[in-house]
Every structure is written in C-alpha cells, then in structure tokens.
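Take a look at the structure set out below.
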There are 2 protein chains.
Amino acid sequence: MLRLAPALTLLATPALAQEPDRRAPSEIVAAAPAGEWVAIPASDLLVMTLAPDRDGNPRVVTIQLMPPPFSQGWVGNIRKLAAAHWWDGLSINRVQDNYVVQWGDANAEDKAEAKVLPPGLARVAQSEYTVPFYGSDGGIEDTLQYDREDRQPVDAYSSTNWHWRGWILAGQRGNAWPVHCYGMVGVGRDMPPDTGSGAELYTVVGHAPRHLDRNIALVGRVIEGIEHLSSLPRGTLPLGFYAKAEQRVPIVSIRLASELPAAQQPKFEYLSTESDSFARYADARANRRDPFFILPAGGADICNVPVPVRRVD
Amino acid sequence: MLRLAPALTLLATPALAQEPDRRAPSEIVAAAPAGEWVAIPASDLLVMTLAPDRDGNPRVVTIQLMPPPFSQGWVGNIRKLAAAHWWDGLSINRVQDNYVVQWGDANAEDKAEAKVLPPGLARVAQSEYTVPFYGSDGGIEDTLQYDREDRQPVDAYSSTNWHWRGWILAGQRGNAWPVHCYGMVGVGRDMPPDTGSGAELYTVVGHAPRHLDRNIALVGRVIEGIEHLSSLPRGTLPLGFYAKAEQRVPIVSIRLASELPAAQQPKFEYLSTESDSFARYADARANRRDPFFILPAGGADICNVPVPVRRVD
C-alpha cells in the first residue's frame, strides 16, 4: 500500500482529489498566484556578510528567524547580538561534512581569550526546546489549520509533522518543535544543562540530523546563500573544526535587515503553507508525476517538503 | 510513545536488553573487535582521481560498488567503462546544492560531440531497479538475518528497512531496493524508458532524495573523499550545471582498485551489519545516551544509520 506522510494529508482536499497534477513541484511553485505568497518582515531577517572568496566574489547569507512561540529566548538574544554588531570580525570555525557549518567566536572555549558577550542576554531553559501544542497560553493549537494526530506516523522522530505558517514542525505527546532539516540554523551549546546563548550558531549542510531535535534550540533557517557555507572546505580536526586560523572565513558583519538602509533590505516571501498551491506542491513532492519519474514514492519525509522561499526584487 | 525504526529492531536482543549502552556511536564503532569488520574486495572499489585543487592538494574519491543481486547490469557496465579508462579526461559537470554532484561526459547530450562509449555495454531494464525479496533465484530473503515485515512502518518511502551485508535497503510488496542516502552513487539517465548506461554518475550531497528510489539505479557509495565533491562550488545553471567549461573539475582517472599495482590498492573494511557492535551502534544512533544529549529520539531514519567504513593501512 502506498502511504501519505502525515504532513501531506492535507492533499486529500476536494480540489486535489479530482485529477492528479502532473507538473513538477518547481512548476507548481512558479505558477502560484501572488496572493499565496507571504512577505517575510525585514525584522525577521539576519544578513550575514562573509569576506569575499578567493576570486573576490561577494558572499552573503540570509537567515529567517523562527517566529513565536518557538525558541524566542534565543531569538531575542540573537537580535541583541546582531544589534551589538557582536559577530563582526569573528569567523566560520567548523565545517563538518554531511553535518553542520558553525560560526561565532573561535576562542569561545577559552575564558581568557573569549570575546565578551553583550549584557542582557537571557539564559534560556531546556524546556523551551518544545512548545505545548494544546492550551491557549503559548500553545499553537489554535493556529494550526489542521490536526493530523489521527494519522499513522511515518516519521521515525515524532508522531506528527506539520507545515505551519511557513515552517516545518514535529509533534508528540502534546508538544511541538522545529525540525533539523537542511539549512536550519541552531544554537551551539556546551554540555547540558547549558542551552547556549545564541552567540555560536550552526546550519545543517547534510542529511537532517533529527537526533538533535529537542536537544538543541533551532532559531531559523538559511533562505539564501547557503552555498557559501555548504561548499566551504571541510575542517580536518575532530567535529570539522579548522586546524589553522587562516582557514576560517571571516565574518564581515551580521545585521538584522531592518537595521540596514531601506534600499539595502532584501525582500523575501514564502509560499503560504496554507495555500492551495502549497498543497499541490507537497503532493507533487511525495508523488512525482512529471515525465522523468516512473514510480511516485507515495510519501515524503518532512525534510523533503521544504517551504518554498523566493526573493522579491 | 517512543518508537524504534524498523531497521533498529534488532536491538531488542537479549544482550542489549540488559542495560543501555551510554557510549556515543563513534565510541562503539571504535571499540568493535577486529572480527566484526569485513574486508571490501579491491575488485569492488572504484578509485576516482581528480585534478589537484588550487593549492595543489590531491583529490581522490573512493567508491564501493553495490553487491549482487542489486543493480548488476549497471555495475557490470561501470566495470567495463573503468577497464576502458573511459572517464579519463572527462569532468565533474554538475554540482547542485542539497542534491547531487554529477560527473561524466560534459558533451553527452550532443551526439556530434559526445565521447563514444566502449562496446558491449548492457541496456538494463527498469525492472532491475528492484529485486524480488522472496524466492530462491535472485531473491534476497535467504540472506537476510531478520525479517521486519511485521513492524510498523516509520519510513515514508517503504514499508520496511534493513541493514543487509553492509548496505541499506528498503522494501515493499515483496521487493527490495537500495536507498538514496547521503554519499550513494547513482546512474544519470535520460527520460524513461532510458535507464542510463553507467557512464554518467552522480553522488548524493544533501538530504536523502528518496523520491529517486526505484526511479534511478544506485550502483554504490562513496566511502572516502566525498568532501572533494560535496565542497565544490555549486553550478549556476539549472540543475547545478557549470556555466563555463573551466569550472569543471577534470577527472584524471577512474580505475577499479584491483587494476592498480598491489601497493596502491586502498584497503577498506565495513562493520558487519550482522554484528553485535553494529546493533549497539544502530541503537545508539536512535537513542543518544552520551552526555551531550538530554532526550534520546527513540528512533532514527534509515539514512541516519550509515554503515561504518574504515580504511585499513
């Protein structure tokens, strides 16, 4: 029996039941009407400018921060760190193949050498790794368009998956949490109960390391320029740290886009995960009917249904 | 309820039931006794030597070919192509972020310019993408140590997963097939019913594109040097093809290791997927109990339980 992943069950809407859409996922996204796209506020965008590459090409990476109610303690810290220009002059310190690229203070482990953090950063509790699914105070139940708790689980890491307001969530036992898919940005930390301040960040550049879910805070995702991170030379020390200081790519600056002059603020939109086009796109990701394919899979894991994001110029 | 992925149910052996192993997966693998490692024959290794990088560093990628009964029509072609030194002087032509790196003849699409293939290559049928699970002639049933058909599915792409003789398989409806995990090597092809000759190859350098399973032949996996592919600059044309010929990394040679002088033959072993250490390793991948983790996932998707491979010098 071919099965649908829980996240894809919204496909069973009348509009879709009529006849299968044979377009490729990219074609469905390209044809989505303007009204199905949602603008991402400049205040939710973090613009990381790296030193140019060896050929002088610019390298800019844009990150979208997680919305409430997820990870807001760390997201608040990151806003403060960006406002303090704290990352400027620091570097990318770790590139581990099929895992993560990490940036921040290369001397963070050395108390004598570590760069002083700005004042007022929150110390966030481990309990903030998840959010109560039910309940009116801080829960996300009311904001979900559909509840798939009655579906068979096909995610090895949770009992339920959702696309929710442009993000991917997993849930179990009344809690929901963001998911370590490719391009997601998380908070480096020491041994528990430390949860990290947000000063040391990483992004996923390999197969989704889902075992990190609920063990590390996720604070956003790279929406443009991830190739400037994923194509960096791998570090040769344990965990992919670079052996020599000169191998580290310098960070010129990290800014909230809302702090940039208006003309320099990048503008992005995501495809509403509650839209008809998104439902068709998700269905097509799980059931490729375009001419290259001979056998639709009949399902998709949640990280293989990323939320489409586009630059608006 | 925390669940085990089907591939991990061999953990429910008496030895493991006694007390949880709190070591990290890497520690379990490092401590595995010599008798649990299986030598990979030189005749199953493909050694791809790329041109040195800009700093003159050598770049060698080693691929282990799929064993019978999987994909043997294409694997046979690849042996012939390597014996004919067909790839020598060709190049890496496509690097698509979070997807694949592809190599072969940059002019393959142009009949007038394409490099002539060696004679005697098989034209392989689409039916060879899978193998009958049951049956004495070509089936794999007798060689599986355990059958998990009775388990709840947690794979969105199949009803069953296995680790089998050092490889990852998925199965459904009496058939089994290899899986598009990170580092797997597949056969580029044109539109169906073409299945590709094996002359155009790719490897996965992102989240497992499982929708390609049973739609494209998988012929092996990169076991060393994947960083020489995954860290290449991404191509800027559609599908990640390079815009300029000079961006393509030249292939110096691709050889079966068994054709190399004995002293130059690389030696590798994999951790027997039927061993006690592998069972402990797989359990630890699904249930991280080492000190960094606060909450074991209780499961793992099959691509997050890669088979350990080591170089023996």
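Observations, loosely collected:
- Remark: segment B:266-275, residue by residue, has Karplus-estimated 3J(HN,Hα) of x, 10, 10, 9, 10, 6, 3, 6, 9, 8 Hz, where x stands for each Gly or Pro and the curve is 6.51 cos²θ - 1.76 cosθ + 1.60 at θ = phi - 60°.
- Cα long-axis angle, helix B:276-286 against chain B (0 to 90 degrees, to the nearest 10): 90
- Our helix-only sum for chain A, with -39,500 (n - 2.57) per DSSP H run of n ≥ 4 divided by its residues, gives a mean residue ellipticity at 222 nm of -3000 deg cm²/dmol.
- Gyration tensor (alpha-carbon) shape descriptor, segment A:220-283, a/c threshold 1.5: oblate
- Normalised by the number of residues in chain A, the average gap of Cα pairs under 8 Å and 6 or more apart makes the relative contact order 31 percent.
- When chain A is treated as a GNM with alpha-carbon contacts under 10 Å, the residue of A:237, A:218, A:81 showing the greatest mean-square fluctuation is A:237.
- Span from the segment A:267-295 Cα centroid across to the segment B:190-231 one, whole angstrom: 23
- Exposed loop sites, defined as GluC sites (Glu not before Pro) outside DSSP H, G, I, E and B with at most 10 other Cβ atoms within 10 Å, are absent from the longest region of chain A, namely A:114-313.
- Estimated from the Cβ-Cβ distance and a Förster radius of 51 angstrom, the FRET efficiency linking residue B:253 and residue A:26 is about 0.90.
- Within the listed set A:57, A:107, A:98, the Gaussian network model of chain A (springs between alpha-carbon atoms below 10 Å) gives the highest mean-square fluctuation for A:57.
- Across the identical copies, the 7 Å label point of residue A:112, projected outward along Cα→Cβ, sits 7.0 nm from its counterparts, in ascending order.
- Rounded, prolate or oblate (a/c below 1.5 giving rounded, otherwise prolate when a/b exceeds b/c) for the protein assembly as shown by Cα gyration tensor: rounded
- Proximity of backbone amide H atoms, modeled 1.01 Å from N, is registered between residue B:220 and B:66, B:185 at under 5 Å, excluding neighbours fewer than 5 places apart on the same chain.
- Sorted from shortest to longest, the distances between the residue B:43 label points of this copy and the other copies are 6.9 nm, with each point 7 Å from Cα along the line through the beta carbon.
- Compared with the dominant Cα axis of chain B, that is its longest principal axis, helix B:72-83 is turned about 50°.
- Shielding by other protein chains, B:90-102, mean Cβ within 10 Å: 2
- Listed by chain and number, the lysines whose alpha-carbon sits under 25 Å from that of residue B:244, ignoring those within fewer than 8 places in the same chain, are B:111, B:115.
- Listed values for segment B:188-202 are Karplus-derived 3J(HN,Hα) couplings in whole Hz (6.51 cos²θ - 1.76 cosθ + 1.60, θ = phi - 60°), namely x, 8, 8, 5, x, x, 4, 10, x, 8, x, 6, 9, 10, 9, and x replaces Gly and Pro.
- Cleavage-rule hits, trypsin sites (Lys or Arg not before Pro), segment A:210-286, DSSP coil, Cβ neighbours within 10 Å at most 10: A:244
- Sites matching trypsin sites (Lys or Arg not before Pro) across segment B:30-139 that sit in DSSP coil, with at most 11 neighbouring C-beta atoms within 10 Å: B:54, B:111, B:123
- Computed in the context of the full set of protein chains, the accessible area of the protein assembly as shown at 1.4 Å probe radius has 53% of its extent on carbon or sulfur.
- Sequence-ordered 3J(HN,Hα) estimates for segment B:237-246 from the Karplus curve with 6.51, -1.76 and 1.60 and θ = phi - 60° stand at 7, x, 6, x, 5, 6, 6, 10, 4, 6 Hz, glycine and proline given as x.
- Taking chymotrypsin sites (Phe, Trp or Tyr not before Pro) across segment B:146-231, the ones in a DSSP loop with at most 14 further Cβ atoms lying within 10 angstrom of their Cβ are B:146.
- Per-bin percent of Cα-Cα distances, segment B:171-313 [5 Å]: 2, 7, 12, 16, 19, 17, 12, 9, 5, 2, 0
- For the options A:282, A:263, A:297, a Gaussian network treatment of chain A with springs between C-alpha atoms closer than 10 Å singles out A:263 as fluctuating the most.
- Exam field: residue B:173 pseudo-label spacings to other copies (7 Å along Cα-Cβ), nanometres: 3.7
The values are calculated or read from the model by the stated rules, or taken from the named source; none is laboratory data. Note that the structure is a prediction, hence the values are computed from the model and not measured. All Cβ positions, even for glycine, are placed from backbone atoms using ideal geometry, and neighbour counts span all protein chains on display. Protein only, heavy atoms only, side chains kept; ligands, DNA and RNA dropped before computing areas. Shrake-Rupley method; radii C 1.70, N 1.55, O 1.52, S 1.80 Å.
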